[in-house]
Amino acid sequence: MKRIVSIYVFCWIFFSCTTEKKKTTNFSDNYFAIIEIPAGTNKKYEYNYSTKAFEIEIINGLERTINYLPYPGNYGFISNTYMDPEIGGDGDALDVLIISESVQQGKKIQISPVAILKLLDSGQQDHKIIATLKNNKMNFSKDSLPNSVKTIIKTWFCNYKGPNKMEFIGWGDKEDAINEIEKWAVNK
C-alpha cells in the first residue's frame with residue numbers, strides 16, 4: 001500500500017499542470033555551461049536570446065573592451081538557469097568562469113562547480129560560479145580552489161570594470177556554488 005501511495009504521489013507531482021516555471025531539485029551533478037567569452041580575450045560578448053547570437057556589448061556607441069588583463073578563464077553562463085528578478089536575480093542566466101584552456105565561443109561544455117565568488121555590482125549581487133571542466137585533470141581544483149587561484153580571480157573581477165566598481169563580499173565553497181545553481185535552475 002505504501003508503495004502504491006508513493007507511486008501515486010510521484011505521478012501527481014510529475015504530471016500535474018502548472019503555469020509557473022518549475023524548479024529542478026537536483027541536476028545530479030550534470031551542469032553545462034555555454035561559453036560567451038573565451039579565456040585570454042578581452043572583448044565583452046553576451047548571448048542575445050532574441051537573436052540567438054553572441055553579440056559584442058556596445059556602450060556609448062563603442063564596442064566594450066576590457067581595459068585590464070584578458071579574461072582569466074572561459075566566461076559564460078550555466079544553461080537551464082534563470083535569475084528571476086522577482087526574487088533578486090538580474091534577469092539573465094547564472095554567470096560562470098571555467099578554469100581551463102581557451103574554449104571556443106558558443107561551445108556547450110560539461111562543468112564541475114568548485115567555488116562561488118560573491119560580489120556586488122552597483123549595490124546588486126553579481127555572484128560568479130567558478131568551475132572546471134567535468135573531467136578535469138587539474139588535481140589542484142577538484143573540490144576547492146587554492147588561495148593563490150582565488151587571489152587571481154578576485155583581483156581580476158574586482159578591477160576589470162575599473163577601480164572600486166565591484167565590491168568583494170566573500171568566497172563560498174563547492175556546496176555553496178551548487179546551492180546557487182540549484183536556486184536558479186529551471187526545467188526547459
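No value in this document is a laboratory result; all are computed from the given coordinates. For clarity, every value in this text was computed on a predicted model and none was experimentally measured. Every residue, glycine as well, gets a Cβ built from its backbone with ideal geometry; the counts of neighbours run over all protein chains shown.
Considering only V103, G89, H127, the residue lying farthest towards the positive end of the dipole of the range 27-184 is V103, judged by Cα position with unit charges set on Cβ. Considering only P70, I58, S112, the residue lying farthest towards the positive end of the dipole of the range 27-184 is P70, judged by Cα position with unit charges set on Cβ. Dipole check for the range 27-184: with +1 at the C-beta of Lys and Arg, -1 at the C-beta of Asp and Glu, and the Cα centre as origin, the magnitude is about 600 Debye. Among the listed pairs K107/K183; K137/K165; K150/K183, those with a Cα-Cα distance over 30 Å are K137/K165. Summarising the label geometry, the points placed 7 Å from Cα in the beta-carbon direction at I87 and K134 lie 2.5 nm from one another. Put simply, the amide H of A39, placed in the peptide plane, has neighbours under 5 Å in N74, Y75, V103, leaving out anything fewer than 5 places away on its chain.
Using the crude model of +1 on Lys and Arg Cβ and -1 on Asp and Glu Cβ, and no other charge, please compute the dipole size for the range 113-188 relative to its Cα centre, in debye to 20. Mind showing how you got there, number by number?
Numbers: 12 positive and 9 negative charges, 64 e Å.
Once rounded to the nearest 20, the dipole reads 300 debye.
Around the amide H of Y31, modelled in the peptide plane, lie the amide H atoms of I111, all under 5 Å away and 5 or more residues distant in sequence or on another chain. Spin-label model, N147 to K165: label points 7 Å out along the Cα-to-beta-carbon direction sit 2.9 nm apart.
The alpha-carbon positions of the range 27-184 define a convex hull whose volume is 119 Å³ per residue.
Which value, in debye to the nearest 20, describes the size of the charge dipole of the range 44-107 about its Cα centre when Lys and Arg Cβ atoms bear +1, Asp and Glu Cβ atoms bear -1, and nothing else is charged? Numbers along the way, then the final one.
On the way: 4 positive and 10 negative charges, 53 e Å.
Once rounded to the nearest 20, the dipole reads 260 debye.
Which parts of the range 145-174 would a label at K183 reach, counting a residue when its backbone N lies under 18 Å from a point 7 Å out along Cα-to-Cβ? Label zone hits: 167-174.
Listed by chain and number, the aspartates and glutamates placed with their C-alpha closer than 15 angstrom to that of K44 are E36, E55, E57, E63, D95; residues fewer than eight positions away on the same chain are left out. Karplus-based coupling profile of the range 79-92, in residue order and whole Hz: 5, 6, 10, 8, 8, 4, x, 5, 10, x, x, 9, x, 10, with θ = phi - 60° in 6.51 cos²θ - 1.76 cosθ + 1.60 and x standing for Gly or Pro.
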